[in-house]
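A.B. asks: Please read through the structure below; I'll follow up with questions.
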Amino acid sequence: MKIAVVGAGPAGVRAVEVLVAAGHRPIWIDEAPDGGGRIYQRPPAALRRNARELYGFESTKAAALHGCLDRLKPLVDWRPETLVWHIHPGRKTLYMLNGGMQATAAYDAVLLCTGAMDRVIPLQGWTQPGVTTLGAAQIAVKAQGCAIGHRVALVGTGPLLWLVAHQYAKAGAQVAVVIDTTSLASLAAAAPGLLRDSITFAKGLYYMGSVKARGIPTVHGAIPLAIEHDETAVTGVRFRDARGREQRVACDAVGMGWGLKPESQLADLAGIPFDFDPLQHNWLPERDATGRTPVASHYLAGDGASIGGAAVAELAGARAAWAILQDAGRAIDTAAVRRLDRALARQRKIRAALERAFPFPVRLAADLADDIILCRCEGLRAGELRAAAVSDLNRTKALTRTGMGRCQGRICGVAASEVLAAAVNQETATLGRLRGQPPVKPMPVTSLPAREHAA
Amino acid sequence: MTIESDVLVLGGGGAGCSAALHLARRGSKVTLLERGLVGSQASGVNYGGVRQQGRHPAELPIARRSREIWGRLKELVGCDAEFSITGHLKLARNADEEADLIAYLDTARAYDLPLRMIGRNAIHREYPWLGPDVVAGSLAPDDGSANPRLLSPALAHAARAAGAAVHEQTEITSYDRLNGRFVLKARNGAEFRAPILVNMAGYWGGAVAAAFGEAVPIEPLSPNMLVTEPTTYFIKPNLGVVGGNIYLRQIPRGNVIVGGGHGESDPAVPWSRPLPEVTLQNFNYALQLVPALAGLHVIRSWSGIDGQMPDHIPVIGPSRTTPGLFHAFGFSGHGFQLGPAIGAIMSELVLDGHSDVPLEAFQIDRWNVQPAVREA
Amino acid sequence: MKLLRLRDTDRPRLALTLDGKPIEALDGDTLLTALLAADAVFLRRSEFGDGPRAGFCLMGACQDCWVEVEGTGRVRACVTLAVDGMKVRRG
């Protein structure tokens, strides 16, 4: 039986661990040079440091996952630095690009663990050098030993906002201000749900407390107004605080993000239907608690299917691997599966509370000023989308080029949906979603593409 | 809900929207029925070539008339659909293909289509970015390209403004003719009645014809399209080749649009997608024409569904079985340029009983297919 | 934009060029880090006149850090490791 696993983050690692233990040798593909995913991304060898220092609270988990990853690599068909640019569910074939070479891999079952990226809302000035996502700010410090600037403002909401602030402060970077668009009241209302997992809650409070204890200015329930800049650099961030007062803080870099969104392009190309999830306020591929999807032989796990974080991804990856084995008629460890199912059920409740604690600020996206760049690839402004708005996101894309650039709507898609929903006065969920089209990421035009067929 | 009209136009592609516009402008009470959104299939996803050169002689009078409409599209519908006169340069890659280009010059002359043959030396002087395999070219200076995503919506908008009713998201599930009136029922429960039905439903037009006892040998056709990231604008003419296995053009924003070969589709859904091996093959063909495209990144690929006839020209004209029924479908992958004129011609067939454009070659009964019921 | 190096600055030096100008990088830097920790300020310009860009996501998703490496072609600076002698042009 040929099994393919796409992605070597927490979900992929734990899935492959189960598959290898059951005697399989899957093909295992990751776009990065090494596994670990984004959360446990390892720095290049030249600046590798101890896990404790890199991952803080998560260092034990990180070390365990990396250990597992390294142990598994020789036992599988490991394909790092390989982009899966297309999947054909009928042929059960992956189309891959590695170092300019084309290759295909046939599978009997495939597990997609494609991870997530930041969910962003454009702001005035957000395309300027010096402005990055929160995820980028974190990668800079964790994988490159750099801060995104000398004086960094962090804007957005969600656990990542406070984690990055904490990591920056701890690494010796200067955090100018943390601007959380969620009010303290909303956070307090969600606290009972978060208490289900006292560790998650304690960590969250710890990061927030750590940031405040270091005397870093923090604002809750604020509305960011603009990132100010001159020819070469960011100069400050303007926002309106919860009391309606406009404020400005000087800084030379801004990290921004409002939670995460799945990188679900391959699930889309595999023909898996999507539903609008009101809790995450996003389109998610259909899958059940075991990772099975309506498309037979195609499984999903981790943040690429639904945002749950690394702990959930590890559980979901292992669970989906068992589903693959069970569907292939192989023996499964029912006790292990039961434990996974129970743990996943518990995590779902915690996740729901987290989503309620840090809700996506729909109005902030919907109310983008006309002159703000919405689609940074195509240089399209919010007003241009409004002027051409029709009650269908893909048609509006066709008319305006929103989401037609190099990133294929990864960055602007969320905000474009909200701007459009407000413009036509309809619910976001009724307008459809930007559909995935191959290639998943830009692919160079090359002559006589060399082919290789993996077993 | 029953909606009465003078004319029902079935299919909201460029041709159908143009028919609705022309009929409405002449005072007909016209209702356009479209399963999805206007311009969702062949008209909206095609390459965007506004090309007369290389067409079947029977299509040239229509193409000439359509080119005239393209030239005044902005006045007609308030939007030029990014129509731009870039010239169409058809290239030969060997002596046989060159002979083919030369042979076509007589056809073009007969229909007053200006063409300029460019020989082996001149072609590389005039277009220094062409690859060494190119041996000659034929330039149609009046041809060009447009943005297919914009044409049908613009025509539909103008049709509405002229009084036509445009019903999108209206899938027709049954076709009848009772007491001289067509009765079409939609999945959403609506019923549409009119004495005239114009079938402009692309690939699905075959099923409509079959429903009225005149089945035709039509097959789905899905172009394999891709677009690159933007780069410096250097390819002005719309490029094609003898044999048609590759075509490419660059828009002034810098993106290069490349088509060639076919993807896969399921018209019942409808669903279509390019095929990866065809996309990769197109890289080779494109690089043979323009080596400088090497290393440029493809950012998206797509397909759609058109109807292909065995002789690669459409069905146009009155039904042979049913009074009041007219057909224009099966444009076989090259209907985008023709769409605006087809609408005008169909309005003439409906309202005047004839058109000055000769249509004999497009008769629906040209295959002598036995009437057969095809699934809708 | 100027990245601030917080640690591990004792790594081996690499010599690159950006549009012909020398850039000093450290072993283990991505091209994005190497250029923006030096004085590059930006990596590319929007094709549509919307000013300079210097990447955004640092994880190969936003496609806003493309640069050209002589002999290699166009690459995303955020997921490409700097190598001694690389000649880089803004994308």
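Please treat every number below as a calculation from the coordinates, not as lab data. The structure presented is a predicted model; accordingly, all values stated were derived computationally and were not measured. For neighbour counting, all protein chains shown are included, and Cβ atoms are generated from backbone atoms with ideal geometry for every residue, glycine included.
A.B. asks: Students often check this: by mean Cβ neighbours within 10 Å, which of B:42-52, B:82-92 ranks highest, and how do the rest follow?
C.D. replies: Going from most to least packed, we get B:42-52, B:82-92.
A.B. asks: While we're on this one: Could you pull out the pairs from A:Lys61/A:Lys212; A:Lys441/B:Lys90; A:Lys92/A:Lys261; B:Lys236/C:Lys2; A:Lys142/A:Lys349; A:Lys397/B:Lys185 whose alpha carbons sit more than 28 Å apart here?
C.D. replies: Pairs exceeding 28 Å: A:Lys441/B:Lys90; B:Lys236/C:Lys2; A:Lys142/A:Lys349; A:Lys397/B:Lys185.
A.B. asks: How many angstrom lie between the Cα centre of region A:57-102 and the Cα centre of region A:217-251?
C.D. replies: First find each Cα centre; the distance between them is then 41 Å.
A.B. asks: May I pose another question? Take peptides B:150-157, B:216-223, A:246-253 and line them up by average Cβ neighbours within 10 Å, highest first, as a rough protection proxy.
C.D. replies: Output ranking for B:150-157, B:216-223, A:246-253: B:150-157, B:216-223, A:246-253.
A.B. asks: Which one of A:Leu380, A:Thr293, A:Ala345 has its Cα pushed farthest toward the positive end of the charge dipole of region A:254-409, where Lys and Arg give +1 and Asp and Glu give -1 at the Cβ?
C.D. replies: Of the listed residues, the answer is A:Ala345.
A.B. asks: For region A:281-321, what does the relative contact order come out to in percent, with C-alpha contacts under 8 Å and a separation of six or more?
C.D. replies: In percent, rounded to a whole number, it is 36.
A.B. asks: Given springs between every Cα pair under 10 Å in a Gaussian network model of chain B, which of B:Asn179, B:Asn199, B:Asn147 has the largest fluctuation?
C.D. replies: Of the options given, B:Asn179 has the highest mean-square fluctuation.
A.B. asks: Right, something else. Let me check I've understood the local charge: for A:Pro294, count other residues with C-beta under 15 angstrom from its C-beta, Lys and Arg +1, Asp and Glu -1. What total comes out?
C.D. replies: -3
A.B. asks: Also, quick follow-up: Mind checking A:171-178 for the average number of partner chain beta-carbons within 10 Å of each residue's beta-carbon?
C.D. replies: Per residue, the number of nearby Cβ atoms from other chains is 1 on average.
A.B. asks: So if I take the centroid of the Cα atoms in region A:269-293 and the same for region A:317-332, what is the distance between those two points in Å?
C.D. replies: Cα centres, region A:269-293 to region A:317-332: 20 Å.
A.B. asks: Picking from B:Gln169, B:Gly261, B:Ala158, whose Cα lies most toward the positive end of the charge dipole for region B:151-281 (charges on Cβ: Lys, Arg +1; Asp, Glu -1)?
C.D. replies: B:Ala158
A.B. asks: Averaged across the residues of C:39-51, what count of C-beta atoms belonging to other chains lies within 10 Å of each residue's C-beta?
C.D. replies: Mean shielding by partner chains, rounded to a whole number: 5.
A.B. asks: So how far, in whole Å, is the C-alpha centre of region C:20-67 from the one of region A:350-394?
C.D. replies: For region C:20-67 versus region A:350-394, the Cα centre distance is 26 Å.
A.B. asks: Let me ask you something else. Residue by residue, what Karplus-based ³J(HN,Hα) values in Hz, rounded to whole numbers, does region A:148-158 have, using 6.51, -1.76 and 1.60 with θ = phi - 60° and x for Gly and Pro?
C.D. replies: So the J values, rounded to whole Hz, are 6, x, 7, 9, 10, 9, 10, 10, x, 7, x.
A.B. asks: Nearest 5 percent is fine: what portion of the DSSP beta bridges confined to the protein assembly as shown is antiparallel?
C.D. replies: 65 percent
A.B. asks: Here is a follow-up. Restricting to region C:6-91, compute how many DSSP beta bridges are antiparallel as a %, nearest 5.
C.D. replies: Restricted to region C:6-91, the bridges split so that about 90 percent are antiparallel.
A.B. asks: Using a basic spin-label model with each label point 7 Å from the Cα along Cα→Cβ, how many nm lie between A:Thr334 and C:Val41?
C.D. replies: 6.9 nm
A.B. asks: Across peptide A:374-385, what mean number of C-beta atoms from other chains lies inside 10 Å of a residue's C-beta?
C.D. replies: 3
A.B. asks: May I ask what percent, to the nearest 5, of DSSP beta bridges between residues of chain A are antiparallel?
C.D. replies: 50 percent
A.B. asks: Name the residue from B:Leu226, B:Met200, B:Phe182 whose Cα lies farthest towards the positive end of the charge dipole of region B:133-239, charges +1 on Cβ of Lys and Arg and -1 on Cβ of Asp and Glu.
C.D. replies: B:Phe182
A.B. asks: For the protein assembly as shown, what is the charge dipole size about the Cα centre, in debye to the nearest 20, if Lys and Arg each add +1 at the Cβ and Asp and Glu each add -1 at the Cβ?
C.D. replies: Result for the protein assembly as shown is approximately 2520 debye, rounded to the nearest 20.
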